[in-house]
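The values are calculated or read from the model by the stated rules, or taken from the named source; none is laboratory data. From a predicted model like this one, the values you see are computed outputs, not experimental measurements. Positions of Cβ are generated from backbone atoms using ideal geometry, with glycine treated the same way; all protein chains shown enter the neighbour counts. To get the accessible areas, we keep the full protein, side chains included, count just its heavy atoms, and leave off ligands, DNA and RNA. Shrake-Rupley method; radii C 1.70, N 1.55, O 1.52, S 1.80 Å.
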Amino acid sequence: MTGSESIDPDVRQRVREAAAAVTPDAAEFTAALVRERSVQGAETAAQERVREEMRALGLDVETLTAADVPGIEDHPEFADTGQSYEDRPNLIATRQGDGDGRSLLFNGHIDVVPEGDEDQWAFDPFGGEVVDGEIRGRGASDMKGGLAAMVYAVEVLQRAGVTLRGDLLLQSVIEEESGGFGGSLATALAGPEADAVVIPEPTDFDCWIANDGVSYFRVTVEGRGAHAANTDSGVNAAAKLVPIFEALTDLHDERKTAVHDELFERTAENTVSLNVGTVRAGEWPSSVPDEAVLEGRVSHAPAETRADLREQVETTVRDAAAGDPWLEAHPPEIEWFGWRGSSARIDPTEPIVETVQSVAPSVVDHEPQAIGFPGGIDTRFFVNYADTPALCFGPGAHAIHGTDEFLPVQELERTIAALALIAMDWCGYDIAADATAAREGASS
């Protein structure tokens, strides 16, 4: 069979049965990954568990770090997160196809965001327990469950006697939550190449085929310090920051009514956003603050450029300062720092989108929508820098980045089955003769 043909119903059922059979082990594997606190810079132990699981499937596993990619630090997408890449490997495994089918890459990130205030959790955020049909803990949904599903999809294919005609590649990467620079940017630039990429992020079984670009910025305003008893002899930097804060808030309101993209607004109210996330001023209640700083995040739609967006923000800050003698003499300083993720978009008619939309409903009981995600995702690296169509498709988003994160085991099972079927439809497949005979014998 070729990747463009439908999957035989009997084979589809065989895959679903195999997925059900491996799910208890996959749930425990996910839980074991949750028990590894793989925040930025501490991914190695969790990656070793992934390596062991891949090798148990008979896969050869290679490693790649950002340091192995010449010139990556000069890449326009790269930003320094302040962490060394030593002993923080990305893992790459390949199941060779037996024919001339299309190749497919499953990519997943092993890192998680910090747990926050542990006292607010109803359970240990890194306990990795499977309770009442749920895998509980930080990363269960985002995205250790999805990563486990792509690994166990390989086992499902083996159990079902399925041989793919095209290569199936697996990547477990670091640093996605911090921008993906040492993770998927490195693997996209270094290869190996594939004909399409699927990342099982928690998409609620929709297809994320586009993402906003994201930039962080900082505005620093200078004041003049003084003792609070003589307040008027100073210049309060916090007060001087207020009109800039208000102008940036107005810019958010303007952009959310002026910038539109249907892919994003199918599930979200706005296509783009601007958020002032931190404000700091002063060090002592009885001193006039001599400096005030705000930091924000602003997004841009795929149809916009990062340069145009930055000009909008910088013009807004300059205009807010205009007319104030102090600010004209001491202009606010604007910096762009940290995350500077690009936007990306693939066409809804891309063959990989059509494959997911045609195959997935039979196992996830949901018609995947092709939508945009209003933030940074690793698909952008493959789309923009490897000329490869990429999308995200995976289970539900259950309290991700918040307290009491979890993943239903049933959704894990559905994701495993869906990924196996997507690989079969995309790569093309054959059924081993002994597997067919065994099936027929069991039903006779």
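Leu91 fulfils the conditions (1) touching a Leu at 6+ places or on another chain (Cβ under 7 Å); (2) assigned to a strand (DSSP E or B); (3) not charged (D, E, K, R) except for a single criterion, (1). Scanning segment 153-192 for residues that are in contact with a Phe, Trp or Tyr (Cβ under 9 Å, 6 or more places away or on another chain) and part of a strand (DSSP E or B) turns up Val162, Thr163, Leu164, Leu168, Leu169, Leu170, Gln171.
Let's see how each residue does on (1) open to solvent by less than 10 Å² (accessible area, probe 1.4 Å); (2) at pLDDT below 95; (3) closer than 22 Å to Gln410 by Cα:
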site: Ser4; (1), (2), (3): no, yes, no
site: Gln13; (1), (2), (3): no, no, yes
site: Thr30; (1), (2), (3): yes, no, yes
site: Thr44; (1), (2), (3): no, no, no
site: Glu53; (1), (2), (3): no, no, yes
site: Glu62; (1), (2), (3): no, no, no
site: Phe78; (1), (2), (3): no, yes, no
site: Ile92; (1), (2), (3): no, no, no
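Based on this model, can you work out whether Ile135 counts as over 24 Å from Trp339 (Cβ atoms), open to solvent by less than 20 Å² (accessible area, probe 1.4 Å) and in a strand (DSSP E or B)? In short, yes.
Pairing each residue of segment 335-349 that is touching a residue at least 60 places away in the same chain (Cβ under 8 Å) and more than 30 Å from Ala292 (Cα to Cα) with any residue that is of a type in the set (Ser, Thr, Tyr) and not in a loop (DSSP other than H, G, I, E, B), provided the two are 6+ apart or on different chains, yields C-beta distances under 7 Å for Ala344/Thr379. Taking every residue in segment 73-100 that is over 27 Å from Tyr216 (Cβ atoms) and pairing it with any residue that is among the small types (Gly, Ala, Ser) and in a loop (DSSP other than H, G, I, E, B), at least 6 positions away or on another chain, the pairs with Cβ-Cβ distances below 6 Å are Gly97/Gly166. Taken together, the residues in segment 393-418 that are within 25 Å of Ala344 (Cα to Cα), crowded, with 24+ Cβ neighbours inside 10 Å and either within 17 Å of the chain's Cα centre (by Cα) or not hydrophobic (A, V, I, L, M, F, W, C) (or both) amount to 4.
Take the conditions (1) open to solvent by less than 30 Å² (accessible area, probe 1.4 Å); (2) within 20 Å of the chain's Cα centre (by Cα); (3) among the small types (Gly, Ala, Ser); Gly116 misses just one of them, which is (1). The numbered conditions (1) under 25 Å from Gln96 (Cβ atoms); (2) out of contact with any strand residue (DSSP E or B) (no Cβ under 7 Å at 6 or more places or on another chain); (3) at pLDDT 95 or above are all true for Leu57 except (3). In segment 255-274, the residues that are more than 19 Å from Thr305 (Cβ to Cβ) reach residues that are outside any helix (DSSP H, G or I) with C-beta atoms within less than 7 angstrom, at least six apart or across chains, in these pairs: Glu265/Thr271; Arg266/Gln369; Arg266/Ile371; Thr267/Ile371; Ala268/Pro374.
The set of residues in segment 352-371 that are touching a Leu at 6+ places or on another chain (Cβ under 8 Å) and not in a loop (DSSP other than H, G, I, E, B) comprises Ile352, Val353, Val356, Val359, Ser362, Val363, Ala370, Ile371.
Kindly indicate whether Ala20 is in a loop (DSSP other than H, G, I, E, B), of a type outside the set (Val, Ile, Thr) and farther than 20 Å from Gln96 by Cα. It is false that Ala20 is in a loop (DSSP other than H, G, I, E, B), of a type outside the set (Val, Ile, Thr) and farther than 20 Å from Gln96 by Cα. The number of residues in segment 193-244 that are outside any loop (DSSP other than H, G, I, E, B), open to solvent by less than 30 Å² (accessible area, probe 1.4 Å) and more than 29 Å from His260 (Cα to Cα) comes to 6.
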